[in-house]
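Below is one structure, written out as C-alpha cells, with a few remarks after it.
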Amino acid sequence: MDKPSRVISIAKVLNDSSVSTNRKLFARIKYRAESQTDLSINNEMQFRTLNTSLPEGYNPRSMSWAKKEREKSKTDEQFIQSILKKIHQEAYFYTLSPPVMDENTVDSFWLDEQKGFCEHYAGALVFLARAVNIPARVVIGYQGAEKNLLSDYWIVRHSNAHAWTEIWFADKGWVRVDPTAAIAKHRIEEQLLTDYTQRRSLFESFEFDSIDVGDIAFSKQFEFWLDQLDSGWNNWFLEYNLGLQKKLMTSLGLDQLSREQIALLSLVAIIVFLLLINMNWKFKKEKTNILFTAIRLLNKKLSKYGIKIHSNHGFTEFLSQLKLRNTISSNDSSQVKLSKNSIRRLETLLQFYLSIRYSQNNCSIEEQKAFYARVKKLKLSRTAS
C-alpha cells in the first residue's frame, strides 16, 4: 500500500507509513484495508535526517565515485538518474547467485562484480545517495503477484519479495525508485524471465504478452486449482458462523437429524480433519524446523557478542547497523565489536540465506540443510583491543 488510510483494529500506521499489528499473529486472519495511491510520503525533517548516516571507513571508492558524479549533476534528481542510466547501459546483471563480496559490499558490487539481486541494487543506490547527503532508505516488501486465472484473486508468494528504495527530493518528498527496473532485459537471468511469477513481480516495467488459461501447462492449472481450493476453504473457515452452519446442514439434508446423530457425524468429521492436519503438519515440519533452528543457532552465536537479529529487521539492515556499530566507540562493555573477518563471514552467510529464501526452489529442504551446516560452522571473533 502506498499510503494506508484505513486499517483493521488490531493494527496501526507507523510514522514511515508502514502498517504493524499490535500483537504477534499466530493464526491466519482475513482483513480489509484502504490505501491512497496518489499521495507522496512526506515526513518531518527529523525522520529524513535519520536517513543520511553511513558507517565510517567502509566503501571508500563508492563514496568517492558518488561525490564526483554529484558534481556533474545540477540537481539531486539528475544524480539519481545518472545512477540508473549507468545500471541500464553498463554490464550490470540481475542474478540470485551473486559472487561473494568483501566487507566493502557496495564497492565490490557497484565497481567490481556488478552482479546481484534486488537488495544489492537497493543497498548500493541508498549508499550512493547518502554519500552526497541525499536522504534515502531501503524498503523491503512484496512487489507484484500472480493472478489465479481460474478465479478472481492474486497470489503473493515469497518469490514476490523485493527490495527497492525511497529517495527524498526537496520538492516532492519521498519518491519510490526501483533500481532493478533499470537493468537491461538481456542481463537478467534466463530463469527469472521465463518464470511467470518472477517476471511479473520484479520486472513489471518490461512488456510481456498476456497469458491465457489455455496457454498454461496442465501442471500450472492444477496448481491454480489447488490454491483456489485452499483459498476457498480458508475464506469459508474464517467466515463460518451459526447462520452458515444452519444453511450448510439444510443443504446436506442434515437438519432433520437428532442431536446424537449430529454429534456423531461431527466427531467423525473432526477426526478426519485432525488426520488431514497431522499429515500436512508432518509434511511441513522438517522444512520449517530446519530454517528456524538455523536462525535460532545463529542468534545464539551472536548473543555471545551482545548482538541479535530482530524479527522485524531485514538482513541488509542488520548488516548495515552492525557495521555502523563497529565504527562507533562506546564505553559499554556489552557492545562487543566483531572483527572484519567475522563481519565478512556473516555477510556471506546471510547472502546465501537470501539467495535460497527467494529462489525458484522456494527454499528447498536441501538448501535449508546447507544453510544450517554453514551456520553451524560459522566462527566469530571480536576485534583486537
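The values are calculated or read from the model by the stated rules, or taken from the named source; none is laboratory data. Small disclaimer: the values here were computed from a predicted structure and weren't measured. Positions of Cβ are backbone-derived with ideal geometry, glycine not excepted, and every protein chain shown enters the neighbour counts.
Conditions tested, residue by residue: (1) in contact with a helix residue (DSSP H, G or I) (Cβ under 6 Å, 6 or more places away or on another chain); (2) within 21 Å of K340 (Cβ to Cβ); (3) at pLDDT 90 or above; (4) buried (at least 20 other Cβ atoms within 10 Å of the Cβ).
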{"position": "N59", "(1), (2), (3), (4)": "yes, yes, yes, yes"}
{"position": "A66", "(1), (2), (3), (4)": "yes, no, yes, yes"}
{"position": "F93", "(1), (2), (3), (4)": "yes, no, yes, no"}
{"position": "P98", "(1), (2), (3), (4)": "no, yes, no, yes"}
{"position": "G123", "(1), (2), (3), (4)": "yes, yes, yes, yes"}
{"position": "A129", "(1), (2), (3), (4)": "no, no, yes, yes"}
{"position": "A136", "(1), (2), (3), (4)": "yes, no, yes, yes"}
{"position": "A170", "(1), (2), (3), (4)": "no, no, no, no"}
Residue pairs meeting the criteria (Cβ under 6 Å; at least 6 apart or on separate chains; first at positive phi, in the range 293-306; second outside any helix (DSSP H, G or I) and surrounded by 16 or more Cβ atoms within 10 Å (Cβ to Cβ)): G306/V336
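Table: residues versus (1) hydrophobic (A, V, I, L, M, F, W, C); (2) under 30 Å from W225 (Cα atoms).
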{"site": "E113", "(1), (2)": "no, no"}
{"site": "A122", "(1), (2)": "yes, no"}
{"site": "R130", "(1), (2)": "no, no"}
{"site": "A136", "(1), (2)": "yes, no"}
{"site": "E146", "(1), (2)": "no, yes"}
{"site": "S151", "(1), (2)": "no, yes"}
Any pair with Cβ under 7 angstrom, 6 or more apart, that starts in the range 3-28 at a residue that is not assigned by TED's automatic domain parsing to the domain that holds R176 and ends at one that is hydroxyl-bearing (S, T, Y) and assigned to a loop (DSSP other than H, G, I, E, B): K3/S17; P4/S17; I8/Y31
One residue from T165, T197, T180 being in contact with a helix residue (DSSP H, G or I) (Cβ under 7 Å, 6 or more places away or on another chain), among the hydroxyl-bearing types (S, T, Y) and modelled with pLDDT under 90: T197
